[in-house]
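Chemist: What follows is a structure written as structure tokens; I'll ask about it next.
Only the coordinates and a few stated rules stand behind these numbers; no lab work does. This structure is a prediction, so every number in the text was calculated from the model and none was measured. No Cβ is skipped: glycine too gets one built from the backbone with ideal geometry, and neighbour counts run over all protein chains shown.
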Amino acid sequence: MLYLIEQCLNGIQLGMLLFLLAAGLTLIFGIMDLVNLAHGSLYMLGAYFAATFAAVTDSFLAGLGLALLATLVAGMALEVIAIRPLYGRDHLDHVLGTFGLLLFFNELVRLIWGPAGLTLSLPPEMLSAVQVLPGVYYPLYRLVIILATLTVALLLYALVMRTRIGMLIRAGASNREMVGALGVNIKLLYTLVFGLGAALAGLAGMLQAPLSFVQIGMGENILILAFVVIIIGGIGSIRGAFVAAILVGIIDTIGRAFLPDLIRHFVSYSAGSSAGPALSSMLIYTLMAAVLVFRPEGLFPAARR
Amino acid sequence: MTARLSPRNAFVAVVIAILALVPVYAEATGNTFMVSLFTRIVILAIAAVSLNLIMGFGGMVSFGHAVYLGIGGYAVGILAKEGINSGLLQWPLAVAASALFALAVGALSLRTRGVYFIMITLAFAQMVYYVAIGLDRYGGDDGMTIYKRSQFGGLIDLSNKMTFYYLCLALLLASVYVVWRLVHSRFGMVIQGARSNERRMRAIGFPTYRYKLLSFVFAGMLCGLAGALLANHTDFISPALMHWTRSGDLIVMAVLGGMGTVFGPVIGAVALLVLEEVLSGITEYWQIILGPLFLLVVLFARGGIDGLLAGVRRG
Amino acid sequence: MADALLQIEGLSKRFGGVVASDAIALSVPPGELHAIIGPNGAGKTTLIGQLAGEIAPDAGRIRFADRDVTGLPIFRRSQLGLARSFQITSLFLDFTAIENVALAVQAHAGHSFRFWRPARDEAELREPARAALMRAGLAHRADALVANLSHGEHRQLEIAVALATSPRMLLLDEPMAGMGPEESARMVKTLRELKRELTILLIEHDMEAVFALADRITVLVYGRIIASGTPEAIRANAEVRQAYLGEQEARHG
């Protein structure tokens, strides 16, 4: 039972990170109609920046802060230099072009930081566990991730729903030409939105870094999951991304935790060890396939263009 | 169907000539590595040609095509491990398994379009990738060595590098010819029409879904064959071969060479892998050029190398 | 009516709060050229969409050639002989004109699970394609790439493609859209010739053409039929004049 609660919390935490990635992806896709395969590269950059700055400043938080800034700038620069020419083209061109960027970033990282990867360690204060329920202890840092991301989610919601910029973003999503005609600088708006998406991705990468690793190509596997999230949630919908991210995070984590045992119990031991992890990965994709067949606009489709 | 001596046709002829003469050159200079390199090029060219059937001509961008290299390869590898070394059993099974998987994936994926299609093909490929990682008996994440190449009685000895190379080359040329005929047949017209304007195709009376599905299966089968060849070439098979970024490599080959023709992907495979060899000899970080180069090709030379030669992008 | 080729009964469709089709009932006997007119937003394109099979009606039936086609998919209706042209040109841009038409011929020349023989060499496909192009007045542009054709030629090609499917009935969605006076006159001539062998449902804004060609006219306003009858009856109908023709006269007057 305790294990179940812990795994649920882990699932939510994974969901939070997925949300950060998916939110940026769905904003960019919904507003600029751009499919960005290099989004995982920004996730990777965030982690690398954080590890580097944390080592240089000897402070975890300073490292995160600087890395966030750096990723924001990198994202905006990328938009101006390489992404702009892609607007308006068909999705295949986006996929191909941003795939080229993905290859580029992998090599760039290898050039700058070497092939071995980095580590980002938590400050000692974050290493303890906290009692969330009577008798249930959960790592503080993971709780921090959940709370931090929730805060970001609320800020994002406030930004998109309550500010002038947010209104422009929503308006731009439904009618690009109109907003341009109103004299709003669409180019700047797009750069800012892309930068925001990049920062969110980078944040996910750096939050994740102390839990696992910082290495080349780290964005590639989670990027797929993020795309699955926005398909399930509905392209262009932040609310959808949030719900779908939690859903996917929990299903994936619970699946990995319990499916092998279930299979071992009911089928055979070896089947559980080998088929378990594979099947739990498959759960998510099966869910996506089901959504695509029965409700292709997603669970919370954004307003129609 | 007359052949004209245009720059593009001349180039194609030159490339074929080069491919045919590689082993001769290698013998003369004692450079056996070249044969190995070009065997790999030829095999991946078959995979790229199969992808282009559905991508360039059918407009179905599959980001999970490398999965068939894996399915074909694992068919050979698994059978070899279980003691079945006959190519006459392994290769048809590799192709059949690929056909079945393509049928299943296609049946579901072809109900979507655009970026959804791309994502769902990618997702299915990742599923197989994870399944392969879970196959402890067959190497799991580390992969599995294949100790004996496919046996064909006394007909042909695949462990002979030269023989194997010419077999692969023959299969490549045969594949190109078959796909060429396919693309210009009635069937091919339906596929191309569906790429151009599917709404119109249905309005004039074509049940496009079944044709697209069949083309998807053909492409999978051909790539499965390439997978069987690849497993024999490397004497090794691992899940990494099926990662979605490997599918990306195949797409790069097709786009770089030219999506508009059947032979384009062959040019792309040769160009990409030769470039890889040459540049990696110069600097370790050559790939840093590849990314932006590819972006530039997508932006300004959409028809790839073949498009540049022909001046106009048409099938 | 037992002899109607196309029979529409109680066809209704709403999109959210907007009623695009309001219990439309219509009957077109074989050989008739029936025109549908109405102001923008009257639901004409939605009607064609439902007849062709792209839009599923909320209620009502569509009978074609004594068959209930209401639930049939698009390609099945085409195979039964119901062809349509598109209001916004929808052709195969990277093919030539004759290739476009040949595809339409191919769709009705048996199955296409033929993998070897080049389709471009098949006289079985090319000859009917050429014939259709001739009927549409485009034979001289057979080998031109569609992307290089003029707008008027696109509209003619739309007709040719529809003709190549050997239809019994044509659903024409504003074939004269965007045409100048000379091109329109040519299209009217083409349609007059086609009228002799085909049943046609014509949606058009060009009143001159409508009154020159139509055997009967139906007027659609806000998804509802407000009048239906011979051109003279429609011209004389006060309600129609007010709702629609009045607008037109004010604009041209």
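Chemist: In chain A, with Lys and Arg counted as +1 and Asp and Glu as -1 at Cβ, which of these residues, A:Leu101, A:Gly30, A:Phe19, has the Cα nearest the positive end of the dipole, that is, farthest along it?
Modeler: A:Gly30
Chemist: When only C-alpha pairs under 8 Å and at least 6 residues apart count, what is the relative contact order of the stretch B:7-310, in percent?
Modeler: Reported relative contact order: 33 percent.
Chemist: Mind sorting B:Tyr147, B:Tyr211, C:Tyr222, A:Tyr138 by how few other Cβ atoms lie within 10 Å of their own Cβ, fewest first?
Modeler: The order, fewest Cβ neighbours first, is B:Tyr147, C:Tyr222, A:Tyr138, B:Tyr211.
Chemist: So which lysines can B:Lys81 reach, going by Cα to Cα under 18 Å and dropping same-chain residues fewer than 8 places off?
Modeler: By straight Cα distance, B:Lys81 reaches B:Lys148.
Chemist: Using the crude model of +1 on Lys and Arg Cβ and -1 on Asp and Glu Cβ, and no other charge, please compute the dipole size for chain C relative to its Cα centre, in debye to 20.
Modeler: Approximately 380 debye in magnitude.
Chemist: Can you tally the net charge around C:Asp215? Count Lys and Arg as +1, Asp and Glu as -1, for every other residue whose Cβ sits under 11 Å from the Cβ of C:Asp215.
Modeler: For residues surrounding C:Asp215, the net value is +1.
Chemist: So, one more: Rounded to whole Hz and in sequence order, give me ³J(HN,Hα) for the stretch C:124-137 from the Karplus expression 6.51 cos²θ - 1.76 cosθ + 1.60, θ = phi - 60°, writing x for Gly and Pro.
Modeler: 4, 9, 6, 4, x, 4, 4, 4, 5, 4, 5, 4, 8, x
Chemist: Now a separate question. When you look at the Cβ of every residue in A:107-113, what mean number of other chain Cβ atoms sits within 10 Å?
Modeler: Mean inter-chain Cβ contacts per residue within 10 Å come to 3.
Chemist: Here's a follow-up. Cα to Cα, under 26 Å, and not fewer than 8 places away if on the same chain: which lysines meet these conditions relative to C:Lys195?
Modeler: Reachable lysines: C:Lys44.
Chemist: One quarter of the convex hull surface, Cα atoms only: what value does that give for the stretch B:7-310 in nm²?
Modeler: 16.2 nm²
Chemist: Taking 10 °C and 1.306 mPa s as the conditions, I'd like the Stokes-Einstein D for the protein assembly as shown in µm²/s, using the Kirkwood hydrodynamic radius from alpha carbon pairs.
Modeler: Estimated via Stokes-Einstein, D reaches 53 µm²/s.
Chemist: Rank A:Met218, A:Leu92, A:Phe258 by how far each Cα sits towards the positive end of the charge dipole of chain A (+1 on Lys, Arg Cβ; -1 on Asp, Glu Cβ) and give me just the farthest.
Modeler: A:Leu92
Chemist: What translational diffusion coefficient, to the nearest whole µm²/s, does the stretch C:94-166 have by Stokes-Einstein, given a Kirkwood radius computed over alpha-carbon pairs, a temperature of 20 °C and 1.002 mPa s viscosity?
Modeler: Result for D is 177 µm²/s.
Chemist: Right, another one. Inverting the mean 1/r over all pairs of different Cα atoms, compute the Kirkwood radius of the stretch B:180-294 and quote it in Å.
Modeler: Result for the stretch B:180-294 stands at 16.7 Å.
Chemist: What percent does the relative contact order of the stretch A:2-294 come to when contacts are Cα pairs within less than 8 Å and at least six residues apart?
Modeler: Reported as a whole number, the value is 37 percent.
Chemist: If you filter the stretch C:51-148 for chymotrypsin sites (Phe, Trp or Tyr not before Pro), then keep DSSP loop positions with at most 13 other Cβ within 10 Å, what is left?
Modeler: Loop-located and lightly packed - C:Phe113, C:Trp116.
Chemist: Now, a different point. Given a cut-off of under 8 Å on Cα pairs at least six residues apart, what relative contact order in percent is computed for the stretch B:51-178?
Modeler: After rounding, I find 28 percent.
Chemist: Across chain A, what fraction of all alpha-carbon pairs, as a whole percent, falls in each successive 10 Å bin from zero upward?
Modeler: 6, 26, 34, 24, 8, 2, 0
Chemist: With +1 on each Lys and Arg Cβ and -1 on each Asp and Glu Cβ, how big is the dipole of chain B about its Cα centre, in debye rounded to the nearest 20?
Modeler: 1500 debye
Chemist: Averaged over peptide C:124-132, how many Cβ atoms belonging to another chain are found within 10 Å of each residue's Cβ?
Modeler: Mean partner-chain Cβ count within 10 Å for C:124-132: 0.
Chemist: Tell me whether the stretch A:1-146 comes out rounded, prolate or oblate; compute the Cα gyration tensor, take square roots of the eigenvalues as a ≥ b ≥ c, and use a/c under 1.5 as the rounded threshold.
Modeler: oblate
Chemist: Compare the Cα positions of C:Asn148, A:Phe242, B:Trp91 along the charge dipole of the protein assembly as shown (+1 at Cβ of Lys, Arg; -1 at Cβ of Asp, Glu; about the Cα centre) and return the one farthest towards the positive end.
Modeler: Result: C:Asn148.
Chemist: Test of understanding: in a Gaussian network model of chain C with alpha carbons linked when under 10 Å, which of C:Leu51, C:Leu198, C:Leu72 would top the mean-square fluctuation ranking?
Modeler: In the Gaussian network model the winner is C:Leu72.
Chemist: Using +1 on the beta carbon of Lys and Arg, -1 on that of Asp and Glu, and nothing else charged, what's the dipole of the stretch A:48-155 about the Cα centre, debye to 20?
Modeler: So the dipole magnitude of the stretch A:48-155 works out to roughly 60 debye.
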